[in-house]
Every structure is written in C-alpha cells, then in structure tokens.
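Step one of this worksheet: look at the structure below.
Values in this text are rule-based calculations from the coordinates and carry no lab data. From a predicted model like this one, the values you see are computed outputs, not experimental measurements. Cβ placement follows ideal geometry from the backbone for every residue including glycine, while neighbour counts extend to all protein chains displayed.
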Amino acid sequence: MKVRFIVLLLFGIFGAACTSNKNHPVPSVPFDIAIDISLPAYDDLIGVSGFAFVNGGSRGIIVYRRGIDDFVAFDRHSPADPAGNCANPLTPNSDNFLLLDDICNDAQFSLYDGSPISDSEFGLRQYQVAWDGNTAIRIFN
C-alpha cells in the first residue's frame, strides 16, 4: 500500500512539473556579439544605470548596466506579442527608464531583471553577458 502511494505521488509531482513548463514565446535566435563601450554609441554604458540598444536577437537587444561590474541584456521582442506584430520593439518608459513598455499590448517589464510588471505571463528573454573589466562586452546565447 505504501509503495503504491509513493508511486502515485511521484507520478503526480512529475506530471505537474511537465504541464507547468511552457516554452518562452520569444524565439531564440543564435548570435554572439561584441561591443566596445568606449565607442560613442555605447557611452551610456560607462556609468551605472545606463542602457544602450544593440542589433541582434529577435527584435534587437537592450543592454543595461545594473552595477559597477554587472551588465544584463534582454531581447526587445515583447513576450506579450509572440508573433511580433507590433511595429515597435520594447522601449524604455519616458517617466521611469527602468520599465520597458510594449505600447501595442500595454505590457510592462522590468529593465533591472526582465520580470513582467503587467499584462504578460512571461518575462523578457535574457542573454548571457561577459565583460572583460575594461571596455569589451560580449553578448551571446
């Protein structure tokens, strides 16, 4: 009897885990980009809380300097618009640059960690970032 209960419990746990795992709606586009933050296009990344746009990913990438040694990069393709029908990729909110707005679907996301703020089940697709400690940043997936 105990064995049957344990087996049923395990099937229930694994079954729930499989059904709650949904695929991210933003397509994964392979890329590997290097940028030099000493170039004028990336001046805003020299200081903490600066951000810059980079070509790549599905609809472009936004790179944010979260701390002295901490950069994050997110795809500008909104998870609330899986088909990419909106002509405008995610853009920083004019009143609070730490919020990214999807103007077509009224969704908002955190630039700090990519989490959804409103009107989206998914957070932003995040990419790997490697910084050499000087001026070179590598963004990849």
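Could you sort 55-64, 24-33, 70-79 so that the peptide with the highest average Cβ count within 10 Å comes first and the rest follow in order?
Answer by packing, highest mean first, reads 70-79, 55-64, 24-33.
Out of all Cα-Cα pairs in region 66-141, roughly what percent, to the nearest whole number, are more than 14 Å apart?
60 percent
Amide H to amide H under 5 Å from Gly50: which residues, 5+ apart in sequence or cross-chain, H placed 1.01 Å off N in plane?
Arg65
Tell me, what HN-Hα J-couplings in whole Hz come from the Karplus equation 6.51 cos²θ - 1.76 cosθ + 1.60 at θ = phi - 60° for each residue of region 23-33, using x for Gly and Pro?
Per residue, the Karplus-derived 3J(HN,Hα) values read 6, 5, x, 7, x, 8, 10, x, 6, 8, 10 Hz.
Calculate the FRET efficiency for Ala83 and Ile33 from the Cβ-Cβ distance with a Förster distance of 35 Å, rounded to the nearest 0.05.
Efficiency for this residue pair is about 0.90.
What is the log10 of I(q)/I(0) for region 20-106, computed with the Debye formula using one identical point scatterer on each Cα and no solvent, at q = 0.14 Å⁻¹?
-0.54
For helix 2-20, what angle does its Cα long axis make with the longest principal axis of the chain, in degrees from 0 to 90 and rounded to 10?
30 degrees
How far apart, in nm, are the 7 Å Cα→Cβ label points at Ser49 and Asn105?
2.9 nm
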